[in-house]
Amino acid sequence: MKSSVIEVLQQYNNFTKLKEFSEYGNGHINDTYLLDYEGSGKVILQKINKTIFKEPKKLMENIALVTSFLRDKIEKNGGDPDRETLNLIKTKDGQSFYEDSKGDIWRAYNFIADTICYEQVTNAKEFYESGYAFGNFQNLLADFPVNKLSEVIKNFHNTEDRFATFKAQINEDPLGRAKTVKEEIDFFLNREEYTHIFNRALANNEISLKVTHNDTKLNNILFDKDTKKALCVIDLDTIMPGVAAFDFGDSIRFGANKGLEDEVDLSKVGLDIELFKAFTRGFLEACGKSLNKKEIELLHMGAIVMTYECGIRFLGDYIAGDKYFKIARENHNLDRARTQIKLISDMEEHIEEMKKIVEKYI
Ligand code: ADP
Ligand code: GN1
Ligand code: MG
């Protein structure tokens, strides 16, 4: 075990009485460990990626505020706050994180037992559940004081800004990779119009900013293993003011894909319209009342724009030399970018159908 981990374990009561310690989960960003120790339950220990999160202490302030707000709400609504929200474990000094001697920030959460975390949807009911959970998450936080939240990654879902970064990455091209992926680059450059849709709608006050999750992948929800109901929304690093259609859209991008995000066989990748329908129903049953007509009308465009944005992030990172997203194999980010391209093409073919599905809820 690394010395930094040993140093961290010493900051918490009992954590050194370890029975088990292992790397855990499939996140692309943080280092996540599962630990099991004598005398009590399991714990999720995470080192925050400080290359990505430049102000990890502010991020931890956000999470401490949001989780305690959610705890109170869930308790008031008669739910189980130990299982329906993340709960930070305090250090011996009563802090919600620990800064180690290298300046890395660590946090510990209660492990939520008897849950399943899916990488791919197995049936429409499950995806309906996930839509309801992310919609409800927005609802629970609707009266959270937004001004208390720090913007942990500036311009996180500003697609115009992401596009500018993408073009800069192509120009810099430190490894000479750009010429090998010209077709993929052109696919995105030819669709620049997508980058303006939401900035324009915000500037015209047609839609508004809400407290959103901003990283609504299926594997950021824990499902109850017995009831198969969505239980807890996790990965709260990117909670910030955002656009409802982006939470909707990122879920569709990941979960309504017939294939995995990094599937190499592109014939397996495409939009599953039944899953799109199921998620839309769940999401809008939970938060439809708080959205105006335009916000509902733009939901399906949120799916295209989020897939586009993620595509330029994956391709840009491939060109830049895989600096941002964790990779497990050569060309991993390129494979991910290609699935996004296939998915966008498929969504473009089904755009009228997607539009009709969301418009039923206006
Ligand atoms: P990343 O930002 O790297 O995606 P996450 O916070 O999503 O990190 O955690 C990675 C994985 O760890 C999750 O997908 C989930 O499987 C698991 N996980 C995280 N927190 C908990 C928890 N409190 N209880 C059980 N599993 C968890
Ligand atoms: C990252 O942390 P994780 O794996 O849930 C990324 C998201 C991307 C996603 C693509 C902070 O999410 O924005 O959409 O990968 N998170 C951050 O899979 O950049
Ligand atoms: Mg995650």
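The values are calculated or read from the model by the stated rules, or taken from the named source; none is laboratory data. Everything numeric in this text was worked out from a predicted model, so none of it was measured. Every residue, glycine among them, receives a Cβ derived from its backbone with ideal geometry; neighbour counts consider all protein chains shown.
Of note:
- Residue count for the stretch 97-109 satisfying the condition of being more than 16 Å from ligand 3 (Cβ to nearest atom) and crowded, with 17+ Cβ neighbours inside 10 Å: 6.
- Residue check for Phe156: in the same structural domain as Arg338 (by TED's automatic domain parsing) and either in a helix (DSSP H, G or I) or aliphatic (A, V, I, L, M) (or both): no
- Verdict on Ser267 being within 18 Å of the chain's Cα centre (by Cα) and either at positive phi or in a helix (DSSP H, G or I) (or both): no
- When we screen Ala113, Ala133, Ala108 for residues that are touching a residue at least 40 places away in the same chain (Cβ under 8 Å) and part of a loop (DSSP other than H, G, I, E, B), the only hit is Ala113.
- Odd one out for Ile327 among (1) over 21 Å from the mean Cα position of the chain (by Cα); (2) more than 29 Å from Asn136 (Cβ to Cβ); (3) without any contact (Cβ under 8 Å) to a residue 24 or more places away in the chain: (1)
Yes/no matrix, rows are residues, columns are (1) over 16 Å from the mean Cα position of the chain (by Cα); (2) free of Cβ contacts under 8 Å to residues at least 24 places away in the same chain:
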{"site": "Lys182", "(1), (2)": "yes, yes"}
{"site": "Phe187", "(1), (2)": "yes, no"}
{"site": "Asn214", "(1), (2)": "no, no"}
{"site": "Ile221", "(1), (2)": "no, no"}
{"site": "Asp226", "(1), (2)": "yes, no"}
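- Some residue of the stretch 197-213 being within 15 Å of Gly135 (Cβ to Cβ) and within 13 Å of ligand 3 (Cβ to nearest atom): yes
- Filtered residue count, the stretch 308-337, keeping only those that are more than 16 Å from ligand 1 (Cβ to nearest atom), farther than 16 Å from Leu189 by Cβ and assigned to a helix (DSSP H, G or I): 3
- Looking only at the stretch 200-219, residues that are within 11 Å of ligand 1 (Cβ to nearest atom) and either in a helix (DSSP H, G or I) or modelled with pLDDT under 95 (or both) come to 2 in all.
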